[in-house]
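Step one of this worksheet: look at the structure below.
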């Protein structure tokens, strides 16, 4: 019997209530299954493309290209630091938690690794959006909206549970905010959005 069951049975067939954590995980799994049932080909393509923008190879290439344009060096530095710090933190949490990815039958995209919690793509997207508030304020809001699309896309594609995405968003928001404040304290305090 799986954790997703409403109750577990002992050897005497007595129902045993699941812990709050087990109920939360079961709810997380049900939410994901409900979401992937509504997939459509066009939306799958668009969300897969949006998420691809935050793959490590794409991010490294974008930062490297920006470093060669004098007007974009500040943006590239902020993006590089935010994404590196966020990626290291997300990787450390993935290794500590080791939550398995959703079942293969739910995947509409190839997962980048075998661990699910937290979503590294979502963490990177939110961290980048917040880090940009100090450098390019007009770009921060579209990037924040894109981060939400990426978070939704990771669930829609069946490679992350909702809790993975929420944790990734939290890591990205915290990391991006801390780095924005540390890198440019006066600008960051004025530019950071209030949540």
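The values are calculated or read from the model by the stated rules, or taken from the named source; none is laboratory data. Predicted model, so just to flag it, every value in this text is computed and none were measured. Every residue, glycine as well, gets a Cβ built from its backbone with ideal geometry; the counts of neighbours run over all protein chains shown.
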Answer yes or no as to whether residue 39 is at pLDDT below 80, surrounded by 12 or more Cβ atoms within 10 Å (Cβ to Cβ) and either not in a helix (DSSP H, G or I) or not assigned by TED's automatic domain parsing to the domain that holds residue 121 (or both). yes
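Given 103, 77, which one is at pLDDT below 85 and under 22 Å from residue 152 (Cβ atoms)? Spell out the reasoning first.
Details: 77 fails: under 22 Å from residue 152 (Cβ atoms).
Step by step, each of 103, 77 is checked, and only 103 is at pLDDT below 85 and under 22 Å from residue 152 (Cβ atoms).
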Quick check: anything in segment 11-26 at pLDDT below 75 and in contact with a helix residue (DSSP H, G or I) (Cβ under 8 Å, 6 or more places away or on another chain)? yes
From the set of residues in segment 85-104 that are more than 21 Å from residue 180 (Cα to Cα) and in contact (Cβ under 8 Å) with a residue 60 or more places away in the chain, which is nearest to the chain's Cα centre (by Cα)? 93
Run down 50, 71, 82, 66 and say which single residue is free of Cβ contacts under 8 Å to residues at least 60 places away in the same chain, in a helix (DSSP H, G or I) and buried (at least 16 other Cβ atoms within 10 Å of the Cβ). 66
So residue 124, is it in a helix (DSSP H, G or I) and either surrounded by fewer than 22 Cβ atoms within 10 Å (Cβ to Cβ) or modelled with pLDDT under 85 (or both): no
